[in-house]
Amino acid sequence: MTSSKKTIKAARYGMTIDIDRCNGCGACMVACAVENNIPPVPQGGDRKGLTWIRVYKVDNGAQGADRRSAFVPMLCQQCGNEAPCAHVCPQNAVEIDPATGIVGQMPERCLGCRYCMAACPYHARYYNWWDPAWPAGMERTLNPDVAPRMRGVVEKCNFCHARWHAAREQAAADGKPDTEPVNYVPACAEACPTHAIRFVDLNQTSVEGFRMLEKLGTEPKIFYQSKRDWVRQIAEAPRPTANGSKQGKEASRG
Amino acid sequence: MTTTRRNLFKLAGGAAAGSLLTPAPWRLITDTALLSENWPGVPRPKRGEVSYRFGNCALCTAGCAVRARCVAGQPVALAGVEAHPLSRGALCTYGIAGHHLPYHPARLRQGPVAEASAAVQSAIRTLRPNEHCAVLDLRPGRTASWTYRRAMASVRNGMYLASESNTAVDLASAKTVLSLGVPVLDGWGTPGNVWALRGGFHLIQAEPVESRTAVMADLWLPIRAGSEAALLDAVRGGSASDAAAQTGLSEQQIASLARELRENGPSLVLDRNGASPMIARREAPVPEEWKKAVPATQLASVSEESIRVLLIDESMPGEYLPWSAIQPKLTSDCVVVSFAWSKEGYGRQARFTLPAAVYPEVVDDIPPAIDSPAAMFRLAAALVAPPEGMVSPTGFIAGLAGIDAKNALQERVAAIQKSGRGSVFDPSGAAKPADLWKALQAGATWIDDREPRASVISTQIASPLADDKNRSSAPLAIAFSEPRAAALVSPLMSKVTNESGLRLGTHGVAIHPSDARGAGLAEGSRARLETASGFVTVDISVDDTVPPGVIQVGGGPDLQNVCGANRRGRVVAL
């Protein structure tokens, strides 16, 4: 009997987000919710709902006519080193896929302790307070490739992992070797009408830009780009807010 | 050793404590989590064969090309079509979730069809000589619009009310664009086309609030609300000092703006009422026999109390005329019938509101957008079947006039093919499809040849609004934040309205904290927004990026109705 060893060429998926091209339209947020079966906020509920990607409006801190704003899409930063959420999870519900570098969240293992939410420096994780519910009949529009999550678990962006699986299946059907990385695009990058969000394999493409809270050493795989100094400085802030002036709300409109 | 009660307790306690060191209880917890995954409260997505269908989005005149991913025939996701020459793969926030509209809880599902039909026919029979039966078309330029015009030619004193639809702007040739509060980079025109041309023009955005377009513009001029006309007058040679006093800009800024528009031309000025210059756009061909139709009439030119029957087609989203402008034209016994998706909009004022099929349930053509100098013809495909009880506005109105319009779309396509004009973009890759009707149903777009010398039309822009005549004393100046009025939006739009506060909802308004304090309002309060046209209940958002004295309003039909023709309003706590 002979054994053959396959050498898998791992991908390291990441994103570049050009803040200077983001007009804050929110298409990425809606496309993400459509793709990943994220329910709308319950009628009459005043809670903040689930948004695997959320666009924040930030400003330069000036007042009146000197105030300038920018829109910053925030999602799981897919930490490439010492992901804090993976470290603290008592259930091993957070796993980093060595083939893709994607930080995955497995709701069936999650106990809902929310340690990961407390540990995430990017506030990119959301707790499912209620069973997912859609208006009557709208369940027909759910994506069959993604299972809706039950209440009591934490959710987050997984770079549309179902699309990655579909791309793998397609590659296998096309006779391509399963050791090669596959090309696919997450829903937010596909939907962005200004092409501000681009999805790349960092092993194959060199990218430039700054990363959020780089000093923590988590090696995020989301690279932001901007020509404006004050925008680049937000990467050092604990969390982008509308100048801290928006009490009770995490973002303001465009 | 005797068995005592104490020992039994010790044994039970030790067993309980010891079991924590075994995998059993932890496994139990995990299994409970697995069990909860299949609770009845968690819906299971339908499975089936995956297919893709092409069409065009009908939510606005941009008509962006759409690729629908369908599972067992049901669309589950919409995406743009990258190769489309105008929409270029872009779909806006509303369009991405358009396939949810058939399931909106606020959707109308039944209406008094027989009663409405009887009342309209009775009123038409008893029309007095100076009274009219009118159709108000919120989206002119469609084949349905021609059906209405033909029908009104056959009805005694028939009238077709619509705004101008055969004009466009030539954004591709513009070097400088001055936008007076128009959301140029946030849904105006065809978003994909505007972004593709973005590098070719210098965008100057003049508006009081730093909107999404202002954020992305080359220059944002934070003018005072309502001072657009003064700014425009100054850049056209009027007094810079007067404009400076009204707009809050410096005279140097105004002089610099005027110089840029003059020297870095061709320049284009856009405002919410139109643009300058605009060019005439010829329409897609229609059959010769259709041309015995009534022309379009502007509502303003209609005599007061002269409309006895008003049929409003709001089955496709368009520009809402304020009810305060319509009402004076109606007789006291006027029969108003609205064909609508929901009770928003004219449904509140109409005597009969009949349910119409929503996008994407019905095949309808989409008129070209304002940034398309050439005519286009494309169809919104019916991706799902409408429920029972939906009323076709064209069928209803054609039936009143006794004309057959069932095959109007095919007849129009035959006329287009016969004309020999234009080219076809087919998402399947066919260069020149033999059967144009079939290709259009499969998502193709017919694009007319552009006229080499399209006539330039002078359009009045920055026109005074209704409450200017009354010198309204209301304290807040109105600024719009959303690109269009939508009667229904996907429930998932809550992601960008309720959950992130990125956009204002259909009843959302934002005011500065000082104005909120003055009116006794707080974040999340409900209030009444009053203008010279009426009032509407709104949800308050307190936002210090909105200047004091300004109220930024969302894009629902009710807000358009109350604010569309007004510059000032007030909010009153409920």
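Screening B:A116, B:A83, B:A123, B:A65 for residues that are touching a residue at least 40 places away in the same chain (Cβ under 8 Å), crowded, with 24+ Cβ neighbours inside 10 Å and not aromatic (F, W, Y) leaves exactly one candidate, B:A65. Comparison of B:V509, B:V553, B:V536 shows that the only residue that is outside the structural domain of B:P183 (by TED's automatic domain parsing), within 15 Å of B:L574 (Cβ to Cβ) and in contact (Cβ under 8 Å) with a residue 60 or more places away in the chain is B:V509. The set of residues in segment B:169-189 being more than 12 Å from chain A (Cβ to nearest Cβ) and out of contact with any Leu (no Cβ under 8 Å at 6 or more places or on another chain) consists of B:S173, B:K175, B:G181. Selection of segment B:135-187 for residues being polar (S, T, N, Q), surrounded by fewer than 22 Cβ atoms within 10 Å (Cβ to Cβ) and not in a strand (DSSP E or B) yields B:S154, B:N157, B:S163, B:S165, B:N166, B:S173. Here B:R88 passes the criteria (1) under 30 Å from B:L310 (Cβ atoms); (2) surrounded by fewer than 22 Cβ atoms within 10 Å (Cβ to Cβ) except the one numbered (1). Of the residues making up segment A:121-133, just one is at the interface with another protein chain (Cβ under 7 Å from one of its Cβ atoms) and in contact (Cβ under 8 Å) with a residue 40 or more places away in the chain, namely A:P132. B:S490 - would you say it is within 14 Å of chain A (Cβ to nearest Cβ), in contact (Cβ under 8 Å) with a residue 12 or more places away in the chain and in contact with a His (Cβ under 7 Å, 6 or more places away or on another chain)? Here the answer is yes, as B:S490 does meet what is asked.
Here's the yes/no breakdown for (1) under 18 Å from the mean Cα position of the chain (by Cα); (2) farther than 19 Å from B:W290 by Cβ; (3) of a type in the set (S, T, N, Q):
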| site | (1), (2), (3) |
| --- | --- |
| B:S332 | no, yes, yes |
| B:F352 | no, yes, no |
| B:V362 | yes, yes, no |
| B:A375 | no, no, no |
| B:G395 | no, no, no |
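Farther than 27 Å from B:W446 by Cα, of a type outside the set (S, T, N, Q) and in the same structural domain as B:S372 (by TED's automatic domain parsing): does that describe B:A300? Against the criterion (farther than 27 Å from B:W446 by Cα, of a type outside the set (S, T, N, Q) and in the same structural domain as B:S372 (by TED's automatic domain parsing)), B:A300 qualifies.
Just so you know, in segment B:307-335 the residues that are β-branched (V, I, T) and crowded, with 24+ Cβ neighbours inside 10 Å include one that is farthest from B:P393 (Cα to Cα), and it is B:I307.
Total residues in segment A:152-170 satisfying the condition of being more than 11 Å from chain B (Cβ to nearest Cβ) and of a type in the set (V, I, T): the figure is 1.
Tell me, yes or no, whether segment A:159-181 has at least one residue that is of a type in the set (S, T, Y), part of a loop (DSSP other than H, G, I, E, B) and buried (at least 19 other Cβ atoms within 10 Å of the Cβ). No - not one qualifying residue is present in segment A:159-181.
Of the numbered criteria (1) surrounded by 24 or more Cβ atoms within 10 Å (Cβ to Cβ); (2) without any contact (Cβ under 8 Å) to a residue 12 or more places away in the chain, the one B:G199 fails is (1).
Considering each residue of segment B:495-511, count those that are within 7 Å of another protein chain (Cβ to nearest Cβ) and buried (at least 23 other Cβ atoms within 10 Å of the Cβ), and give that number.
Selection size over segment B:495-511: 9.
In the set (1) crowded, with 21+ Cβ neighbours inside 10 Å; (2) under 21 Å from A:P42 (Cα atoms); (3) without any contact (Cβ under 8 Å) to a residue 40 or more places away in the chain; (4) not hydroxyl-bearing (S, T, Y), the condition left unmet by B:E523 is number (1). Scanning segment B:237-267 for residues that are among the small types (G, A, S), surrounded by 13 or more Cβ atoms within 10 Å (Cβ to Cβ), in contact with a helix residue (DSSP H, G or I) (Cβ under 9 Å, 6 or more places away or on another chain) and closer than 22 Å to B:A174 by Cβ turns up B:A255, B:A258, B:S267. Of the strands (runs of 3 or more DSSP E) contained entirely in segment B:190-304, those carrying at least 2 residues that are modelled with pLDDT of 90 or more and within 14 Å of chain A (Cβ to nearest Cβ) fall at B:202-206, B:219-221.
Please verify whether B:P386 is surrounded by fewer than 21 Cβ atoms within 10 Å (Cβ to Cβ), assigned to a loop (DSSP other than H, G, I, E, B) and touching a helix residue (DSSP H, G or I) at 6+ places or on another chain (Cβ under 8 Å), treating the condition exactly as stated.
Judged against the criteria, B:P386 is a match.
Has segment A:140-151 got any residue that is over 21 Å from the mean Cα position of the chain (by Cα), outside any loop (DSSP other than H, G, I, E, B) and more than 14 Å from chain B (Cβ to nearest Cβ)? No, there is no match, as no residue in segment A:140-151 is over 21 Å from the mean Cα position of the chain (by Cα), outside any loop (DSSP other than H, G, I, E, B) and more than 14 Å from chain B (Cβ to nearest Cβ).
The values are calculated or read from the model by the stated rules, or taken from the named source; none is laboratory data. These numbers come from a predicted model, not from an experiment. Don't worry about glycine lacking a Cβ; one is built from the backbone with ideal geometry, like all the others, and counts go over all protein chains shown.
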